[in-house]
Amino acid sequence: MSTVKRLVVLLPGFEHMPVVAHYRRFIREAAKTAPVYDMNLKETAPLSVATDEDGVAVGDFQFRASGENWAVETDFLLYGLGDITLFYASRNPAVRLFSGLFALIDFIVTGTFFRFVATSWRYALFFLYPILTIACILAISLSLAYAGTVVTGSLLGWILAPLLAILLFRHAARHMHLLLLMDDWTFARDMARGKRPQVMAKMDKVISDAAARISSASPETEIIVAAHSLGAICALPILATALARDPRRRYGLLTVGSSLLKVALHPAASKLRAAVAAVACSKSAWIDAQSLTDPMNFYKSDPIRNLALSSGKSPVRVMVRFRNQLREESYRTIRRNFFRVHRQFVFGVDKRTRYSWHAILCGPQPFAEIAACGGLPCDSQVRAEPEMEIARTAAT
């Protein structure tokens, strides 16, 4: 029995989490998924974390997955994008709030928001969520201030209104992820416009380091760049850089719950669109997993069509319904938490479907084969589910 060699570059989404936390989650959720897909998993090299001079941690660890008549050894490179995004969370709450508002206004003024509407109206609602939250806080505060003034006949209501607004903002930050969303939109604007040199320098370092490690892999090693959410805006430039170094090699790209279009639809994001075009015009296999349940991804989008690229092959789109992957009680606990639903793309599963983060990255099927088949093999009952849609489109 021969052993397949694989190198996976892991790029997390916009989460203020260190490499160790992402690693622990990967280990825990992979162990949950393994028996569902008849995999035996063994960690053959524990996590080793190195931090470069720019302060971005890189974690290395290795898995051996095996089953009946197959074995795969996968080297993982986990980049600490949280070391980059943590800059935004370290700022004063007022600065975080107003910089986020400024970013949202930028996306409206440049017409990017209206491109969201045309591409995925659900994502447009996600864009409006922080705006509506802030508007509700202000409306409640002002209404109660006015009512207090009318009842008491004094200015007490208006004196207490700022305090009430602060309390409501703190509640929204803690329980409704308001400041995280403000950071998220500020980061997206910075990436589109190339602002904040210290952040861009760290991103460029991640891109160049990952591309160099990919280029140094042996010819028989299968290469997969896997990104969740906003990690996709780093994945495409990494693959484009690797292709510039060796255009003959076939790479794999897995984007899940992708926020690629969040930045790429901004008119200033020309470099990112060029990276998308380079990957689309290569022989790389690209799988893009999307879900109707997740309001934070561009459901039923096609980056090639939506970016109006003149040439290139569209990704294989795997439409996932999380209800089909989880036990009913597990699904009920997450379905009303849209952040947790968004993270389900990188969490473990209870049932086989055509998509599983860990089965794709650790399992026996070559990535190009999974893309050609429209997803992982699964039993006929799941395959027949009407909610599980495999869509492949070609750019015209």
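No lab work stands behind these numbers, since they all come straight from the coordinates. Predicted model, so just to flag it, every value in this text is computed and none were measured. Using ideal geometry, Cβ is built from the backbone for each residue, glycine included, and neighbour counts are taken over all protein chains shown.
The protection proxy used here, the mean number of other Cβ atoms lying within 10 Å of each residue, ranks peptides 309-315, 346-352, 327-333 as follows, highest first: 346-352, 309-315, 327-333.
Scalar couplings 3J(HN,Hα) for region 31-40, obtained by applying the Karplus form with A = 6.51, B = -1.76, C = 1.60 to θ = phi - 60°, are 5, 5, 7, 3, x, 5, 10, 6, 10, 9 Hz; x denotes Gly and Pro. Distance between the pseudo-spin-label points of residue 160 and residue 143 (7 Å out from Cα toward the beta carbon): 1.6 nm.
When each of 202, 32 is scored by the number of other beta-carbon atoms lying within 10 Å, the sequence from fewest to most is 32, 202.
Straight-distance candidates among the lysines for linking to residue 283, with alpha-carbon spacing under 26 Å and chain neighbours fewer than 8 residues away dropped: 5, 205, 262, 271, 300, 313. Counting neighbouring Cβ atoms within 10 Å and putting the fewest first, the residues 174, 323 line up as 174, 323. With Cα atoms as the point set, region 91-187 shows a radius of gyration and Dmax of 15.9, 51 Å.
In this structure, residue 49 and residue 124 have a Cβ-Cβ separation that, at R0 = 30 Å, corresponds to a calculated FRET efficiency of about 0.20. In this label model, residue 3 and residue 372 are separated by 2.6 nm, measuring between points 7 Å along each Cα→Cβ vector. Pop a pseudo-label 7 angstrom from the Cα along the beta-carbon direction at both residue 268 and residue 333 and give the gap in nm to one decimal. About 4.2 nm, to one decimal. Backbone N atoms of region 51-78 closer than 16 Å to the 7 Å Cα→Cβ label point of residue 244 are not found in any residue. The phi-based Karplus calculation (6.51 cos²θ - 1.76 cosθ + 1.60; θ = phi - 60°) puts the 3J(HN,Hα) values of region 347-357 at 9, x, 10, 9, 9, 6, 9, 6, 10, 7, 3 Hz, whole numbers, x for Gly and Pro.
Taking a point 7 Å from the Cα of residue 201 along the Cα-to-Cβ direction, the residues of region 43-86 with backbone N closer than 14 Å to it are 52-56. For region 282-288, the Karplus equation 6.51 cos²θ - 1.76 cosθ + 1.60, evaluated at θ = phi - 60°, returns couplings of 8, 8, 5, 8, 10, 10, 10 Hz by residue, with Gly and Pro reported as x. For region 91-187, the Cβ-based charge dipole about the Cα centre amounts to some 120 debye (Lys, Arg positive; Asp, Glu negative; other atoms uncharged). In terms of its C-alpha gyration tensor, region 195-295 comes out oblate, because a/c is 1.5 or above while a/b does not outweigh b/c. For the chain, the average shadow cast by the Cα convex hull is 21.0 nm², which is a quarter of the hull's surface.
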